[in-house]
Amino acid sequence: MTKVNVIQPGTIEAPPGDIPFLLLPERNTFQARASRLRALAEGHALADYLRFLAALARAQHESLSLFRRVLLPEAQELERCREHGMPPLGTRGWVRDPVWREALRGILTELEAGTLPEAGRATAARLKDTDDASLERVAETLLAGDYDETLDRAAIPFIGAALQAYWLHLVTTLGAGAFGRLETPHLCPACGSAPMVSVVSVGASDHGLRYLTCPLCSMQWHAVRIKCVFCDTTKGIAYYGIEGGSAAVKAESCEACQGYLKILYMENDPNMDALADDVASIALDVLMADSGITRRGTNFFLF
Ligand SMILES: [Zn+2]
Ligand SMILES: [Zn+2]
């Protein structure tokens, strides 16, 4: 039995002149994600984890109210970044407002009040007692993508969730007009993160277009289809899906760099959420790992 089947790619789209380059996330992103996670949990092998992530997403949404006076980049700085193709809220360059730690504590308190699994409860209690400097160090490591053995894996979902809430607040406050195209087109124009997955849209002005999704700030930015976003080649691109599985999620692999990024087709399931559906389709990652192709997408909840 073949577990993975190759799906024929369609034709390469000719991008029209006037397409939206950025799709700004909604302020209710976490709320929508929580509903999607709850729906995906029904009958899923990872039901408990998906329900935990739904509770986390709800807590993230609540934490947005904690961001009242948050430092934003100056207009001049935004202008300079647009000119030089740099992300103004870069994970390495932008100085984080300490308010993100308030969001973290808010998220932990919210979760502790609900039904948190035993292991999660212990991690939450430990994080609440962790000093600021240590929390900043974990955030630094996570944002730099240094997933070595010193990184506290159990803490990643909580720290990642607080950082996501903070960055979502920043981008939704600044608006899409604040950001320009980057020198490195596969990185997020707002925060410079590598993409989590790509999504083929179904909207009125963006129908059939492919957007890369940011794992940190939830921004989406346009990328042409059937082309490796990491090495720019259009040759040797293949699409894998699970036989008998959902037609809405595929793995787009590149022969040249031996990596893949998941692609979500909204027309097959308009209720999808990039992060939630990435986690729920982990079976596809397991099959891809078996075939020796490396996952490229970053997701704080897939460790
Ligand atoms: Zn981003
Ligand atoms: Zn490639």
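The values are calculated or read from the model by the stated rules, or taken from the named source; none is laboratory data. The structure displayed is predicted, hence computed values, not measured ones. Here Cβ is always computed from backbone atoms with ideal geometry, including for glycine, and neighbour counts include all displayed protein chains.
Side notes on the structure shown:
- Apart from one condition, ASP277 fits all of (1) away from ligand 2 (no atom under 16 Å from the Cβ); (2) among the acidic types (Asp, Glu); (3) in contact with a Gly (Cβ under 6 Å, 6 or more places away or on another chain); the exception is (3).
- Members of the range 165-183 found to be out of contact with any strand residue (DSSP E or B) (no Cβ under 8 Å at 6 or more places or on another chain), touching a residue at least 40 places away in the same chain (Cβ under 8 Å), within 24 Å of GLU79 (Cα to Cα) and part of a helix (DSSP H, G or I), listed by number: TYR166, TRP167, LEU168, HIS169, LEU170, VAL171, THR172, THR173, LEU174, ALA178
- Screening ALA47 with (1) buried (at least 16 other Cβ atoms within 10 Å of the Cβ); (2) modelled with pLDDT of 95 or more gives one miss only, at (1).
- Identity of the residue in the range 210-254, of a type outside the set (Phe, Trp, Tyr), under 28 Å from ALA161 (Cα atoms) and out of contact with any helix residue (DSSP H, G or I) (no Cβ under 9 Å at 6 or more places or on another chain), that ends up nearest to ligand 1 (Cβ to nearest atom): LEU212
For every residue, the table says whether it meets (1) farther than 15 Å from PHE21 by Cβ; (2) in contact with a helix residue (DSSP H, G or I) (Cβ under 6 Å, 6 or more places away or on another chain).
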{"position": "LEU135", "(1), (2)": "yes, yes"}
{"position": "ARG153", "(1), (2)": "yes, no"}
{"position": "ALA161", "(1), (2)": "yes, yes"}
{"position": "TRP167", "(1), (2)": "yes, no"}
{"position": "LEU170", "(1), (2)": "yes, no"}
{"position": "GLY180", "(1), (2)": "no, yes"}
{"position": "LEU187", "(1), (2)": "no, no"}
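- Cβ-Cβ under 7 Å pairs, at least 6 apart or on other chains, the range 205-233 side at positive phi and away from ligand 2 (no atom under 16 Å from the Cβ), far side part of a strand (DSSP E or B) and aromatic (Phe, Trp, Tyr): none
- Among the residues making up the range 89-98, those that are crowded, with 19+ Cβ neighbours inside 10 Å and within 13 Å of LEU71 (Cα to Cα) are LEU89, TRP94.
- Check on SER198, polar (S, T, N, Q), touching a residue at least 40 places away in the same chain (Cβ under 8 Å) and part of a loop (DSSP other than H, G, I, E, B): no
- Scanning the range 227-268 for residues being surrounded by 15 or more Cβ atoms within 10 Å (Cβ to Cβ), part of a loop (DSSP other than H, G, I, E, B) and of a type in the set (Val, Ile, Thr) gives a total of 1.
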